[in-house]
Amino acid sequence: MDPIARLGEIRATVLPILEEVQAEYAPRVRQGYPRIIDNVERGGVVGMNLDANFGVYFMTDGSDVYAELHTLALRTDTLSMANAEKFSGRPQHERVTIGADWNDLSYRNLIARLLSAWNYQQLAIFRVDS
C-alpha cells in the first residue's frame with residue numbers, strides 16, 4: 001500500500017483521539033499548545049505537540065510508515081556520581097515502525113505514553129540538601 005494512503009488511514013483513526021487530547025490538555029499546557037499537526041498530503045505527518053519537547057508524530061519517509069515519540073529525559077537521581085551521571089533535559093526520540101497489525105488500541109497506547117511522560121514530568125520535584 002502507498003505510504004501516504006496508509007498514513008491517511010492512520011490519520012482517520014488518530015485525529016479524533018488527538019482532538020480529544022487537545023481539548024482536555026488545553027488548560028494544562030502553555031498558551032499556544034497543544035498543537036495538532038495535520039499535513040499528510042504535503043508533508044507526510046500527523047501528530048501533536050504538548051510542548052516544544054513533547055510530541056507524538058505519525059509519519060512516512062516515502063517508503064515506511066512509522067511513529068516518533070519525543071520526550072525529555074528526566075533526572076531520576078539527584079545524587080548522581082561521576083561514574084553514573086544522569087543528565088536531565090536530554091531529548092529522547094523513539095521511532096517505532098507501524099506494522100500492518102496495528103489497530104486503534106496501538107495508536108492510543110502510543111499517545112498514552114506521551115501523556116504519561118508529560119504528566120510525570122510535571123510532578124518531578126527533587127529536594128537536595130546543599
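Note on the range 90-130: among residues that are at pLDDT below 65 and either small (Gly, Ala, Ser) or touching a His at 6+ places or on another chain (Cβ under 6 Å) (or both), the one that is nearest to residue 11 (Cα to Cα) is 124.
For residue 69, are the conditions met, namely being within 16 Å of the chain's Cα centre (by Cα) and outside any strand (DSSP E or B)? It is false that residue 69 is within 16 Å of the chain's Cα centre (by Cα) and outside any strand (DSSP E or B).
Summed over the range 1-46, the residues that are small (Gly, Ala, Ser) and closer than 22 Å to residue 60 by Cα give a count of 5. When the range 23-48 is filtered for residues that are free of Cβ contacts under 8 Å to residues at least 40 places away in the same chain and either under 13 Å from the mean Cα position of the chain (by Cα) or part of a strand (DSSP E or B) (or both), the ones remaining, listed by number, are 34, 35, 36, 37, 38, 39, 45, 46, 47.
The sole residue among 10, 17 that is surrounded by 14 or more Cβ atoms within 10 Å (Cβ to Cβ), assigned to a helix (DSSP H, G or I), of a type outside the set (D, E, K, R) and in contact with a Lys or Arg (Cβ under 7 Å, 6 or more places away or on another chain) is 17.
Taking the criterion of being at pLDDT below 90, surrounded by 10 or more Cβ atoms within 10 Å (Cβ to Cβ) and in contact with a strand residue (DSSP E or B) (Cβ under 7 Å, 6 or more places away or on another chain), the residues of the range 65-89 that qualify are 72, 73. Every test in (1) exposed (fewer than 13 other Cβ atoms within 10 Å of the Cβ); (2) in contact with a His (Cβ under 7 Å, 6 or more places away or on another chain); (3) of a type in the set (Asp, Glu) is passed by residue 2 save one, and that test is (2).
The values are calculated or read from the model by the stated rules, or taken from the named source; none is laboratory data. These figures come from a predicted structure and were not determined experimentally. With ideal geometry, Cβ positions are generated from the backbone for all residues, glycine too; neighbour counts draw on all protein chains shown.
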